[in-house]
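Enquirer: Right, I'll just put the structure down here and ask away after.
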Amino acid sequence: MATTSSTLWNAVVLRIGKGAQDMLDTGVIVLFGEPVPDALSDICVVHNRGGRSPLTPQRELLPGDVLNFAGTRYTIDEVGEAATSNLSDLGHVALYFNSPDQSLLAGAIKVSGPPPQLPDQRVILTFEPSSDKG
């Protein structure tokens with residue numbers, strides 16, 4: 001795990017919605033911080049907004065940054081124009097895994113790497129700067 005000083009944002013997984021695996025089967029994981037709206041709770045990976053860091057990422061997330069998700073590192077390929085602010089305000093972002101042809105929604109982030117798996121409870125999720133950004 002990255003040290004706190006190199007982590008842009010982190011959260012601890014509280015629970016996994018019963019429909020989250022169905023979403024993952026389509027290449028999407030939806031993160032949402034507590035409190036999560038009832039209408040979305042079944043499809044989300046629910047976390048404790050901010051984990052051990054401030055609720056707001058230290059800076060805008062950028063292509064090349066890294067998502068550490070369920071112990072696997074993914075490279076951020078694209079960041080929607082509202083993704084960082086949604087993560088700050090709601091702990092909410094849609095993650096598109098290995099979907100280069102997917103249209104990028106404002107609140108979404110496209111990442112690439114190994115096939116994803118749902119995280120376990122209490123796993124720490126992080127966004128980290130790319131190694132060439134310090």
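Enquirer: Could you derive backbone 3J(HN,Hα) for region 26-41 from the dihedral phi with the Karplus parameters 6.51, -1.76 and 1.60 (θ = phi - 60°), listing whole Hz in sequence and x where the residue is Gly or Pro?
Expert: Those phi angles translate into 9, x, 10, 10, 9, 9, 8, x, 5, x, 9, x, 3, 5, 10, 4 Hz.
Enquirer: Throw me the Rg/Rh for region 20-109, computed over C-alpha atoms with Kirkwood Rh, two decimals.
Expert: So for region 20-109, dividing Rg by the Kirkwood Rh gives 0.93.
Enquirer: When DSSP assigns beta bridges and you keep just the ones with both residues in the chain, what percent turn out antiparallel, to the nearest 5?
Expert: Antiparallel bridges make up about 75 percent of those DSSP assigns within the chain.
Enquirer: How high is the relative contact order of the chain, given as a whole-number percent (alpha carbon pairs under 8 Å, six or more residues apart)?
Expert: That works out to 33 percent.
Enquirer: Per residue of the chain, what 222 nm ellipticity follows from adding -39500 (n - 2.57) for every DSSP H run with n ≥ 4, rounded to the nearest 500?
Expert: About -3000 deg cm²/dmol.
Enquirer: Let me ask another. Please compute the Kirkwood hydrodynamic radius of region 60-129 from all pairs of different C-alpha atoms, in Å with one decimal.
Expert: Evaluated on region 60-129, it is 12.2 Å.
Values in this text are rule-based calculations from the coordinates and carry no lab data. Since we're looking at a predicted model, the values are computed, not measured.
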